[in-house]
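Comments concern the structure below.
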There are 2 protein chains.
Amino acid sequence: MKTAVQLLETLADGGVDVCFANPGTSEMHLVAALDQVPRIRPVLGLFEGVVTGAADGYGRMTGKPALTLLHLGPGLTNGAANLHNAFRARTPIINLIGDHATYHRKNDAPLQSDIEALARPVSRWLATAETPVQAVELAAWALTTATRQGPGSLIIPADVAWSDEEVPTPVPDPSGPAPSTWNSRIDDVAARLRTPGCAVVIGGRFLSAEACAAAARIGAAPGAPVMTETFPARVERGRGRAALPRIPYMIEMSAGLLGAVETVVLVGAPAPVAFFALPGRPTHPTGADADFLTLVEPGEDPTAALLALADAVAGPAAEAVTGSPADAPVLAGADHEKALDADLLARVVAATLPDQAIVCDESISLGFYAYDYAAGAAPHDWLALTGGAIGQGLPLATGAAIACPERRVVALQADGSALYTLQALWTQAREGLNVTNIILNNGAYAILDLELARAGATPGGPAARALFDLTRPAIDFTALAAGFGVPATRVHTAGELAAALDRAHATPGPSLIEAMFR
Amino acid sequence: MKTAVQLLETLADGGVDVCFANPGTSEMHLVAALDQVPRIRPVLGLFEGVVTGAADGYGRMTGKPALTLLHLGPGLTNGAANLHNAFRARTPIINLIGDHATYHRKNDAPLQSDIEALARPVSRWLATAETPVQAVELAAWALTTATRQGPGSLIIPADVAWSDEEVPTPVPDPSGPAPSTWNSRIDDVAARLRTPGCAVVIGGRFLSAEACAAAARIGAAPGAPVMTETFPARVERGRGRAALPRIPYMIEMSAGLLGAVETVVLVGAPAPVAFFALPGRPTHPTGADADFLTLVEPGEDPTAALLALADAVAGPAAEAVTGSPADAPVLAGADHEKALDADLLARVVAATLPDQAIVCDESISLGFYAYDYAAGAAPHDWLALTGGAIGQGLPLATGAAIACPERRVVALQADGSALYTLQALWTQAREGLNVTNIILNNGAYAILDLELARAGATPGGPAARALFDLTRPAIDFTALAAGFGVPATRVHTAGELAAALDRAHATPGPSLIEAMFR
């Protein structure tokens, strides 16, 4: 199994220090090789959706490649929904997918399937190592490619992994990323922004506080509104930092904001589109004649371009614009006794948020106000559901906590989506991760009630209602958390939630708060 | 949404009466249409792996198409591992997968992905309905094709589902399945079976008691051993029925059985191959010169051919051969106090098995003896893990119980695999299904310890051991079951298990027994 060891050594040399894993028989030599490469820490997930979602959280927070270890086609597809989210976030992830031995693939053994076909739609790059030399070379290539392009898949047949052939150490790729071309467009874009009818949409893998501050300066100067994409992969925000609005999720609202805009400047974000097409509603928030100017392509870091554009538009001396609410949200005395609702939830979460918290947001309908209130909370990172594939939140929080052990991670988690990948709690307990999991229990896929109405398919009868209902029987998240070794508590009022959050944030290790909205 | 209604009406006309569903926004009109087609009962799964696994269980037990409703690419991939198992079992399943509206696909909205590419490796047939006429025609085609070939996928864009166009009712396909060709080969095969060095391997979607009895007559007559494939989709067995051995899972054992065989007659089974290639071990249990005679192709019903072959080989008057152990397994008095092990487990399960039980077997390492002991148990059906993609057991049991509400379903379930799709428990509770779930808790992916050794990658160090360990922290399945609304108990001894099984089998609705092996 020299090849397995050399492959992992190559990855470790490139900075890989964690392997999120749920292996099977075809990965046994890679598993054994982990014992020879102690620089890489194995982290077990009980389900591949946990593994890939954790890799996404780790990659978003560190910016360096997160490694997964997956078992053939079924292991990959179990993790594919969260890879879809990572694909949209362009998170640097290297999926090592074990395959049958090369000479066994023709035999159509029970676990045989077309792994490349399954991997391609969730991979920005893809390769199968047919030989030991290729395996080690492709590992070096994967490091560079994942960092530049996002998640991808490297398929390793078992006999390649177990080979004892000694292969050459790959020479690192000396070429840097392709040079940016935005410089040549700054003046044109700045000139356009001085005319009326413009808007700026920013996005990308990481909207740093610096990038957001520059964007806010652009927005303040010529009067062109600046906003982020609807579900940014990661944005630094909170008190003292720029508070940029997001493009609203609902096309009815985003069209109100962007419908009359003549020119949209895109800085790291794709052109905004409706999340879903609905009968009688537009597919784009922008009008049919809107013009798009791309300053920075999606995937490219927007920071330098935003700084340059801010200088060009507002001048280097222009003051930073924080735009944050003057005061942190507070809970009035009378609010403490009130039953939770979306507004109280948002205020309590913001008021209690620890400094440098990382919020993993899969709050769906109940989190409607949480993002805006948190603009006045302690400085934090916010990670959104980038691809719309639910089941991201708890795994993402798990990986973010492994990336940043000194910071508190807060999973703001809808109940229905939590149940896709609840096994993440066990990894949190096993690794002693500092995660506060807030389960928003309204006993329903509430968003679907809304979507049914928006789709014009109301009124829903008993069949439709049954498919949105999570109360028959009621799900007890405190029992589920206990089963996975995570201490849990249930709260009904704003005051109870605030007290539970203060306790959870201050206690090392994971905990779960089941916040009842019914 | 006339098209959505017409599509479901067409399926209902073809016998579809259950829709296993986990829908999202793109399926809202299909959801609403379920209220107009009350002949189809919606059954909600909290995760798509539950939905597809339940469809597999339902399809295996009824032989008629099981319908699923899945949400775009991520919903499909969440269910793909169990579709992989169904693909191997050739279970009749129609996956209705919602997609973006046809005119929105070009916009690369966040949930856009190549659904056909993701579906193809787990689908024996595949189509996208681009128009309302196609949607209804393809529904009719799907009924026939799923019944003949196994699981497949029908992708329905949202605007096709919500169309109010009235389309023609499709004319049912008058052609029957392709005529069988085995008749012409019976005499040749029978002649060959009268020579030494033959073996017969049978398999397929359903090995009925009648088929197994015929196979046993074939095995008894000329001395050619008859065995089933390693993981049959469904086999009728138990007291008074033929007890056919399975080809062992481990190539070391199967090669011992088949290594010297000169001719293998295949009746509904593919040629046997190793589950995995391992260093220094063969990929086939048969020798290099073995000759294969296919009497019945995989997927085709083997029953008639087995009856004809038995008549040709043994004569119509040959006595039925049950081959079952004379006595049902019993538990001696002293055994009651003993801590559970694989042997005691097998004896207790067999001794307590209710008449006409349906055993869904994902017992992995601890179930090593269960199949053989159950040959002497009450008559039952046994459903195996056909494709090796774990997470099948609890969903399969859920679907089998919906198919056969009057029978007791017994899920014989390893702990590690149970945690892939544990959400199935909730559907069992919601629908009041008669399932006894036995979780075999050894706190480990024990099979991987064995596979590590078989792969020659021992000794495993701390990294490898950590990836097989489920005890840090210990997982409490009784708490997890309670969280999903299923009553649960924990047992340590054979006597406790027997008593708990008797209680569970006799109590309507689901229950869970956590059997401790550590």
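Contact order normalised by length for chain B, with contacts defined as Cα pairs under 8 Å and 6 or more residues apart; what percent is it?
Numbers: 1217 pairs, mean separation 72.8, N = 518.
Relative contact order, chain B: 14 percent.
Relative contact order of the stretch B:44-123: what whole-number percent is it, with Cα pairs under 8 angstrom and at least 6 residues apart?
Numbers: 106 pairs, mean separation 28.8, N = 80.
Here the relative contact order equals 36 percent.
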Distances in nm from residue B:13 to the matching label points in the other copies, shortest first (labels 7 Å along Cα to Cβ): 6.6
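Run the helix sum for chain B: -39,500 (n - 2.57) per DSSP H stretch of 4+ residues, divided by residue count, reported at 222 nm to the nearest 500 deg cm²/dmol. All intermediate terms of the calculation are to be shown ahead of the outcome.
Values: 21 runs with 193 residues, N = 518.
Value at 222 nm, helices only: -10500 deg cm²/dmol.
When a/c is below 1.5 the answer is rounded, else prolate if a/b is larger than b/c, else oblate, so apply that to the stretch A:345-420 with a ≥ b ≥ c taken from the square roots of the Cα gyration tensor eigenvalues. Don't skip to the end; give the middle numbers.
Values: a/c = 2.03, a/b = 1.14, b/c = 1.78.
Since a/c reaches 1.5 but b/c is at least a/b, the shape of the stretch A:345-420 is classed as oblate.
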Cα gyration tensor, the stretch A:107-189 - rounded (a/c under 1.5), prolate or oblate: oblate
Cα point-scatterer Debye curve for the protein assembly as shown, base-10 log of I(q)/I(0) at q = 0.08, 0.09 Å⁻¹: -0.79, -1.00
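Given axes a ≥ b ≥ c from the Cα gyration tensor, I'd like to know whether the stretch B:275-406 is rounded (a/c under 1.5), prolate (a/b larger than b/c) or oblate. All intermediate terms of the calculation are to be shown ahead of the outcome.
Details: a/c = 1.57, a/b = 1.29, b/c = 1.22.
It is prolate, given that a/c is not under 1.5 and a/b is the larger ratio.
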Cα gyration tensor of chain A - equivalent ellipsoid semi-axes, whole Å, descending: 37, 31, 22
Whole-Hz ³J(HN,Hα) from phi, Karplus 6.51 cos²θ - 1.76 cosθ + 1.60, for the stretch A:406-418, glycine and proline x: 7, 10, 8, 9, 10, 8, 9, 10, 5, 5, x, 5, 4
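Count, for each residue of A:112-125, the Cβ atoms from other chains sitting within 10 Å of its Cβ, then give me the mean as a whole number. Before the final figure, lay out the partial values.
Values: counts 6, 9, 4, 1, 2, 7, 9, 2, 4, 9, 6, 0, 0, 0.
Average per residue, whole number: 4.
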Rounded Å value of the spacing that divides the Cα centres of the stretch A:196-268 and the stretch B:217-283: 64 Å
Rounded to whole Hz, the Karplus (6.51, -1.76, 1.60) HN-Hα couplings of the stretch A:384-400, x for glycine and proline: 9, 7, 5, x, x, 8, 6, x, 8, x, 5, x, 4, 4, 4, x, 4
Under 5 Å, built H, 5+ apart or other chain: amide partners of residue B:469: B:445
Under-5 Å amide H pairs with residue A:293, H placed in peptide plane, nonlocal only: A:264, A:265, A:266
Calculated from backbone phi, Karplus (6.51, -1.76, 1.60) coupling profile of the stretch B:172-183 in Hz, x at Gly/Pro: x, 5, x, 6, x, x, 4, x, 5, 10, 5, 3
Residues whose placed amide H lies under 5 Å from that of residue B:221, excluding near-sequence neighbours: none
Projected area averaged over orientations for the stretch B:467-518, convex hull of C-alpha atoms, nm²: 4.2 nm²
Copy-to-copy label separations for residue B:499, where each label sits 7 Å from Cα toward Cβ, in nm and ascending: 4.1
Scaled radius of gyration (Cα, divided by 2.2 N^0.38 Å) that the stretch B:1-157 gives: 0.91
Between the stretch A:1-47 and the stretch B:74-119, the Cα center-to-center distance that results, in Å: 31 Å
Distances in nm from residue B:405 to the matching label points in the other copies, shortest first (labels 7 Å along Cα to Cβ): 5.4
Global size of the stretch A:331-468 as Cα Rg and Dmax, reported in angstrom: 16.0, 49
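Values in this text are rule-based calculations from the coordinates and carry no lab data. Fair warning: this is a prediction, and the values are worked out from it, not measured in the lab. Note that each Cβ is placed from the backbone with ideal geometry, even for glycine, and that neighbours are counted across all protein chains shown.
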